[in-house]
Amino acid sequence: DLFPRDRSTLCLKPRPPVVTVMGHVDHGKTTLLDWLRKTSVAEREAGGITQHIGAFSVQLSTGERLTFLDTPGHAAFSSMRARGASLTDIAVLVVAGDDGVMVQTRECVDLVRSAGVPLVVAINKCDKPGAEPERVEEELLQCGVQLERFGGDVQSVRISAVTGRGVPQLEEALLAEAELNAVMGDPSGPVEAVVIESHVDRGLGPVASVVVRHGTLECGAVLVAGRTWGKVRAMFDERRKPMREAPPSTPVLTVGWRDLPTSGDNCLQADSESAARSMVQHRASTPARLSGVRENR
Ligand code: GDP
C-alpha cells in the first residue's frame, strides 16, 4: 500500500524536533548552525568532516536529539511549505543583538505565524559591546512576538554563535518547546519521509537525503517520491557513516534511486519494487493535478 497509514492507528512516540533557523541576512544563522553541529556528541566523537546533506542531527550530552535543517533562511522554509511538506516543527528566529529587528526579521515572523509553527527567539551577537538585547525584545514585541518576558509564550534566549554562550540554553528551550507541542512520530509501520535534497554522486549514482517522519527506514526499503522510486541499498548519516536504521526525525542520505527526487517531495514506502514501478507509471500517465504529484517547476 502506497498511501500514508490511517492516522487513527498511529502509535505515536516523542521524536526529536525538526528545527529551521531563520532571520535577517548576516544575523548569524550560518554561524549558529556551525556551532550546533560542532557541539554534537556524535560529531565530537567522529571528529571528521561533515558533509552537507541538507539536515543534521545534534546529540546532546543527555542523549536527547535535535534535527536542524541546514539551509537557513526563509526561502527554504517557504519553498518546502509551498510544496506541501510541513517538515519544520519549530523555527528559531535569529536576531542580531546590535542590529535588532530588520526587514527579513519581520518577514520571518509573518511567515512562521501564517504557517502556525512555534517560534523560539535567539538574540545573537550578545558578545558584542553594542548588543542591546532588551531593546531587541521590545522591538520584537512591537512586531507581535509575545515574549515570555512580557507575559507571552515565546521563549527568548540570549546567545553568541561565536563563543557558544547561551547555545545550550537555546537547545534546552527547543526541547521544552518540542515537549510542549507534543512533537511525535510513529517509529513502526511503513516509512513516510520528506526529501531534503538530491544529487548524482559520482560513485553512488542518484542519492537523496530525506528526513523520516514516520516508520523506521532500513536498507532494502522501496521508496516512491514524486515520479521516481528507489530501493535503498545504502544509508549514511551526515558524517558518511553507514546507518542501519533511521527512526523518525533522522536525516539520512539514501542510495539506490532510479532518478533524482525533488526536494520537498513526500516519500512513501512501497510493498515491493513492482508496486513502486506501477505507482510511478500511474503518476506519469496522470495529470499532476489528479495524481497528487506536485509539479517540480
Ligand atoms: P547569516 O547570513 O545569518 O548566515 O550570518 P552569518 O552566520 O554568515 O554571520 C554574519 C557575520 O556575523 C559573520 O561575520 C559572523 O562571524 C558574524 N557573527 C555571527 N554570529 C556572531 C556572534 O554571535 N557574535 C559576533 N561577534 N559575530 C557574529
Hits in the range 269-280 (condition: of a type in the set (S, T, N, Q) and surrounded by 12 or more Cβ atoms within 10 Å (Cβ to Cβ))
GLN269, SER278
For the range 164-185, which positions are touching a helix residue (DSSP H, G or I) at 6+ places or on another chain (Cβ under 9 Å) and part of a loop (DSSP other than H, G, I, E, B)?
GLY164, VAL183
For the structure I just gave you, tell me whether LYS13 is touching a strand residue (DSSP E or B) at 6+ places or on another chain (Cβ under 7 Å), within 12 Å of the ligand (Cβ to nearest atom) and either at pLDDT 95 or above or not hydroxyl-bearing (Ser, Thr, Tyr) (or both).
no
Tell me, yes or no, whether the range 102-110 has at least one residue that is assigned to a loop (DSSP other than H, G, I, E, B) and surrounded by fewer than 20 Cβ atoms within 10 Å (Cβ to Cβ).
yes
Report, by residue number, each residue of the range 158-172 that is of a type in the set (A, V, I, L, M, F, W, C) and within 9 Å of the ligand (Cβ to nearest atom).
ILE159, ALA161, VAL162
Inspect all residues belonging to the range 108-120 and state whether any of them is more than 16 Å from the ligand (Cβ to nearest atom), without any contact (Cβ under 8 Å) to a residue 12 or more places away in the chain, more than 18 Å from THR30 (Cα to Cα) and touching a helix residue (DSSP H, G or I) at 6+ places or on another chain (Cβ under 9 Å).
no
Hits in the range 155-179 (condition: surrounded by fewer than 19 Cβ atoms within 10 Å (Cβ to Cβ) and under 25 Å from GLU134 (Cβ atoms))
VAL162, THR163, GLY164, ARG165, PRO168, GLN169, GLU172, ALA176
Under 7 Å between Cβ atoms, at least 6 apart or on separate chains: pull out the pairs that start in the range 183-199 with a residue that is within 13 Å of ASP6 (Cα to Cα) and end on any residue that is in a loop (DSSP other than H, G, I, E, B) and of a type in the set (Lys, Arg).
GLY189/ARG5; PRO190/ARG5
Give the number of residues within the range 121-157 that are more than 14 Å from the ligand (Cβ to nearest atom), among the hydrophobic types (A, V, I, L, M, F, W, C) and touching a strand residue (DSSP E or B) at 6+ places or on another chain (Cβ under 9 Å).
6
So, first residue in contact (Cβ under 8 Å) with a residue 12 or more places away in the chain and within 19 Å of THR254 (Cβ to Cβ) in the range 267-287, second residue surrounded by 15 or more Cβ atoms within 10 Å (Cβ to Cβ) and acidic (Asp, Glu), Cβ within less than 9 Å, six or more apart or across chains; the pairs are CYS267/GLU192; LEU268/GLU192; GLN269/GLU192
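The values are calculated or read from the model by the stated rules, or taken from the named source; none is laboratory data. Note that this is a predicted model, so its numbers are computed, not measured. Glycine also receives a Cβ, built like all others from the backbone with ideal geometry; neighbour counts cover every protein chain displayed.
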